[in-house]
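**Student:** I'd like to ask you about the structure that follows.
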Amino acid sequence: MYRQFQEQAYGNYSNSRVVALLDMKQGDVTGDGIIDFVYLYGRKNIETEIFADQITLVIQDGRSNQISTINLQNNAGYNAKLFLGDFSKDDRLDILVSIESGGSGGYGIFYIYSFINNIPRLLFDFEKYNNSNTFKVNYKDLYKVNVESPSLDLLFILDISYKGYDYLSQLYDDNGKLKQSVQGEVLSAGALYPIVTNQKGMSFDLLVIRRIIGISNSDTLGYVENLLTWNGTQFISTRLATAILGTKLSSPS
């Protein structure tokens, strides 16, 4: 199988990098009742390296042994993984590809494909999701930060009074009034978790986690958690919430 894939996807091209198997899962993704084989391949400098580029999704039909390849638009990163589960509520396994982008942002690369009858269909694209689910993060007086979702018409208010004098005095005067306009940001999706919400059907929803930052990338204010479910044509938000980091309880006096 490896030789067939290499000839089909890479041809005779070779250099100092080696083509390696990054992950493999088994399950019926074509919908014919026969177990298929799903692979992620990529190029590495050495076999033990966790970074790979030219990451390619490969499906081998369990009935015919036919090999199909899907070239990912964003195909370089760390710890590339596969997960098979029914996200589209049709009692068929779909394919989730997860790749860590690396860097201080902690972004993720996520795609979900269905492969019924050997026809690839992209169900989830992380870039389209990030671009269509935008947020505004604005600091307000009295140590508050507004996190707004215009597309869903929702507002979340974070209390940052716990940040301490050194942090707050940069932004607020002694009366808690902002010295000047300050914006934060909701970063791109950093994690995507399959969630079982219907144990009888054993289908999966998606929990997407995005980090809320303040005045710098290291200034984490909290997280946006969006629960997505398939409505027959696309993933829609069924619950959007923000989560904040806990602080230590005050010591007894």
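The values are calculated or read from the model by the stated rules, or taken from the named source; none is laboratory data. Because the structure is a prediction, the values reported are computed rather than measured. Here the Cβ is made from the backbone with ideal geometry for all residues, glycine too, and neighbour counts use every protein chain on show. Quick note on the areas: whole protein, heavy atoms, side chains included, nothing else; ligands and nucleic acids left out. Shrake-Rupley method; radii C 1.70, N 1.55, O 1.52, S 1.80 Å.
**Student:** Given a Förster distance of 51 Å, report the FRET efficiency between Gln26 and Leu155 from their Cβ-Cβ distance, rounded to the nearest 0.05. Intermediate values should be presented prior to the final figure.
**Tutor:** Working: r = 45 Å, r/R0 = 0.89.
For Gln26 and Leu155, the calculated efficiency is 0.65.
**Student:** Here's a follow-up. Please check: in the Gaussian network model of the chain (C-alpha springs, under 10 Å), which one of Asp86, Asp219, Asp94 has the largest mean-square fluctuation.
**Tutor:** So, out of Asp86, Asp219, Asp94, the one fluctuating most is Asp219.
**Student:** Shifting gears a bit: Viscosity 1.306 mPa s, temperature 10 °C: Stokes-Einstein D of the chain from its Kirkwood Cα radius, in µm² per second? Each step should come with its number before you reach the end.
**Tutor:** Working: Rh = 20.6 Å.
Rounded, D is 77 µm²/s.
**Student:** I'd like the carbon and sulfur percentage of the solvent accessible area for segment 167-253, probe radius 1.4 Å, heavy atoms only, ligands and nucleic acids excluded.
**Tutor:** 49
**Student:** Between their Cα atoms, which of Lys136/Lys248; Lys89/Lys128; Lys136/Lys200 are more than 32 Å away from each other?
**Tutor:** Details: Lys136/Lys248 28 Å; Lys89/Lys128 21 Å; Lys136/Lys200 38 Å.
Among Lys136/Lys248; Lys89/Lys128; Lys136/Lys200, the Cα-Cα distance tops 32 Å for Lys136/Lys200.
**Student:** Can you compute the charge dipole magnitude of the chain about its Cα centre, using +1 on each Lys and Arg Cβ and -1 on each Asp and Glu Cβ, nothing else charged? Give it in debye, rounded to the nearest 20. Please list the in-between numbers first.
**Tutor:** On the way: 22 positive and 27 negative charges, 41 e Å.
Around 200 debye, computed over the chain.
**Student:** Would you mind giving the average projected area, over all directions, of the Cα convex hull of segment 18-126 in nm² with one decimal? Each step should come with its number before you reach the end.
**Tutor:** On the way: hull surface 26.9 nm².
Reported value for the Cα convex hull: 6.7 nm².
**Student:** Give me the dipole magnitude in Debye, nearest 20, for segment 49-129 about the Cα centre, with unit charges on the beta carbon: positive for Lys and Arg, negative for Asp and Glu.
**Tutor:** Working: 6 positive and 10 negative charges, 34 e Å.
In debye, rounded to 20, segment 49-129 gives about 160.
**Student:** Still on this structure, I have one more. Lysines within cross-link reach of Lys140: Cα-Cα under 21 Å, excluding same-chain residues under 8 positions apart?
**Tutor:** Lys163, Lys177, Lys179
**Student:** Name the residue farthest towards the positive end of the dipole of the chain from the options Ala20, Asn146, Asn130, assuming +1 on Cβ of Lys and Arg, -1 on Cβ of Asp and Glu, about the Cα centre.
**Tutor:** The residue sitting farthest along the positive end of the dipole is Asn146.
**Student:** Can I ask one more? What distance in nm separates the simple spin-label points at Leu168 and Arg239, each placed 7 Å from Cα in the Cβ direction?
**Tutor:** Distance between label points: 3.2 nm.
**Student:** Now a separate question. When ligands, DNA and RNA are left out and all protein chains stay put, how many square angstrom of accessible area per residue does segment 18-126 have with a 1.4 Å probe?
**Tutor:** Details: 4670 Å² over 109 residues.
In whole numbers, segment 18-126 has 43 Å² accessible per residue.
**Student:** Lysines within cross-link reach of Lys81: Cα-Cα under 18 Å, excluding same-chain residues under 8 positions apart?
**Tutor:** Reachable lysines: Lys25, Lys44.
**Student:** At 25 °C and a viscosity of 0.890 mPa s, what translational diffusion coefficient does Stokes-Einstein give for segment 133-244, taking Rh as the Kirkwood radius over Cα pairs? Give it in µm²/s as a whole number. List each step's numbers first, then the result.
**Tutor:** Values: Rh = 15.4 Å.
D, rounded to a whole number, is 159 µm²/s.
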